[in-house]
Ligand code: TRP
């Protein structure tokens, strides 16, 4: 295939896919959902769904990509003309996520800038006040989100190989070590162990449709599923590589990062805010409110905080690259325009949408959609509605239209596929039915 850069090795693929997976989903979204949705029960549901549903969908997407050698936009249509719409549908989701992802990325940069310029004490003095002040400003958050998007665009222009791979190799391990160290610190603080108990011991009486849907949405978001990202990455993967093994490694990185981040943030809520329900339910601001308080109490907190936010920023950037890549690849292919032009176009659209999302915190803060603030609504729309629908359609496509045997052959390709029977039953029956039941149940409840 002309013009397609291949990953230089299987490890390269795992690292790039893990870098797409590990991002704000693990460090920002997972901890606040875990705190809000009952701690242990959320963690438990998340883990079960990640190794079953997440595993099956991830394998399917990568196999579709490698089989066709096409980006998501074309891959489905290549296998079956009538299913081209799935390629178009999968394009919509990254376009919605990217703008709000860059808004959060912008917040991270703003926090990083405060720490780097030695102003951490201002942040920590009134952590939730500071969060509200910076997010409700009219212009600054837009500028920061714009910078975040511009940096993502620059990385994209350097191509898959050069841009991303280098950054990921050293970044992920450093970040995990930092989070783990801070987690140990928070756990031993007074109150920290109550946080561990809340986070780790599932209370099954709290299991509900909402918890399952939230955990499922988090699996999709965190593993970068149901958006075509992995189909596109799969199309770059060499036929020699073992897909099943790669998926297991990507899952280990991703789940590991999320679980460790939870061990940091949830005990911190108990140590610093007494674990009150309002603190646990702080939502998207949770990480931004808790972390500065942690850094304020440790030796060299400003330096550690600065390194932490820089790492978190880079993790977010490598994920944003994958979100940005999907529409760029599709537009460049479809309209036969230069990649640079496509990058510019996507940049402008995403910035415009980021402006709207930011206004949801400032001049349009009274405006809500079904009682949700704009960012929360876009997040919910993607993760709890569009992604489950796309996941169901992907299962139907892989399990019934294409027949799993075709993909199983692609997955096996020279190596053994250990979970083949499990995969077969999951993709045909269990996964689509379970996702559909949860979705229909919750939609019927909210009408
Ligand atoms: N998985 C990333 C995270 O956890 C976000 C992300 C990157 C993503 N690419 C994606 C989410 C594609 C959905 C689809 O931060």
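Here, each number is a calculation from the coordinates, and none is a lab measurement. From a predicted model like this one, the values you see are computed outputs, not experimental measurements. Backbone-built Cβ (ideal geometry, glycine too); neighbour counts: all protein chains shown.
If we sort 136-142, 428-434, 248-254, 39-45 on the protection proxy, mean other Cβ atoms within 10 Å, highest first, what's the order? Numbers along the way, then the final one.
Numbers: 136-142: 15.7, 428-434: 17.4, 248-254: 19.9, 39-45: 22.4.
Averaged packing, sorted descending, gives the order 39-45, 248-254, 428-434, 136-142.
How large is the helix-only mean residue ellipticity at 222 nm for the chain, computed as the sum of -39500 (n - 2.57) over DSSP H runs with n ≥ 4, divided by its residue count, in deg cm²/dmol to the nearest 500?
It comes out at -23000 deg cm²/dmol, rounded to the nearest 500.
Can you figure out the FRET efficiency of residue 403 with residue 201, using R₀ = 56 Å and their beta-carbon distance, to the nearest 0.05? Please list the in-between numbers first.
Details: r = 43 Å, r/R0 = 0.76.
My answer for the efficiency is 0.85.
Calculate the all-directions average of the projected area of segment 202-264's alpha-carbon convex hull, and give it in nm².
5.6
What distance in nm separates the simple spin-label points at residue 356 and residue 174, each placed 7 Å from Cα in the Cβ direction?
If labels sit at residue 356 and residue 174, their model points lie 3.7 nm apart.
Under the √(5λ) rule applied to the eigenvalues of the Cα gyration tensor, what semi-axes describe the equivalent ellipsoid of segment 78-127? Give them in Å, descending.
Working: eigenvalues 375, 15, 7 Å².
Semi-axes (√(5λ), whole Å): 43, 9, 6.
If R0 is 35 Å, what FRET efficiency do you get for residue 194 and residue 303 from their C-beta distance, rounded to 0.05?
Result of the calculation: an efficiency of 0.75.
When all C-alpha to C-alpha distances in segment 18-66 are sorted into bins of 5 Å, what percent of pairs does each bin hold, rounded to whole numbers?
5, 18, 19, 26, 18, 9, 4, 2
Based on the Kirkwood radius over alpha-carbon pairs, what is the Stokes-Einstein translational diffusion coefficient of segment 332-404 at 25 °C with 0.890 mPa s viscosity, in µm²/s?
Using the Kirkwood radius from Cα pairs, D works out to 161 µm²/s.
If R0 is 60 Å, what FRET efficiency do you get for residue 441 and residue 338 from their C-beta distance, rounded to 0.05?
0.80
In vacuum, with every alpha carbon of the chain counted as one equal point scatterer, what does the Debye formula give for log10 I(q)/I(0) at q = 0.13, 0.14 Å⁻¹? Two decimals, please.
-1.18, -1.37
Rounded to the nearest angstrom and ordered from largest down, what semi-axes does the equivalent ellipsoid of segment 83-162 get from its C-alpha gyration tensor (root of 5λ)?
Three semi-axes, in Å: 32, 16, 10.
Which order do peptides 187-194, 387-394 fall in by mean Cβ count within 10 Å, highest first?
Ranking the peptides 187-194, 387-394 by packing returns 387-394, 187-194.
For segment 241-292 and segment 406-429, compute the distance between their C-alpha centroids and round to whole Å.
About 31 Å separates the Cα centre of segment 241-292 from the one of segment 406-429.
Based only on Cα atoms, what Rg/Rh ratio does segment 1-131 have, Rh being taken as Kirkwood's radius?
Using Cα coordinates only, the ratio equals 1.07.
Under the definition of Cα pairs under 8 Å and six or more residues apart, what whole-number percent is the relative contact order of segment 220-335?
On the way: 35 pairs, mean separation 28.7, N = 116.
Here the relative contact order equals 25 percent.
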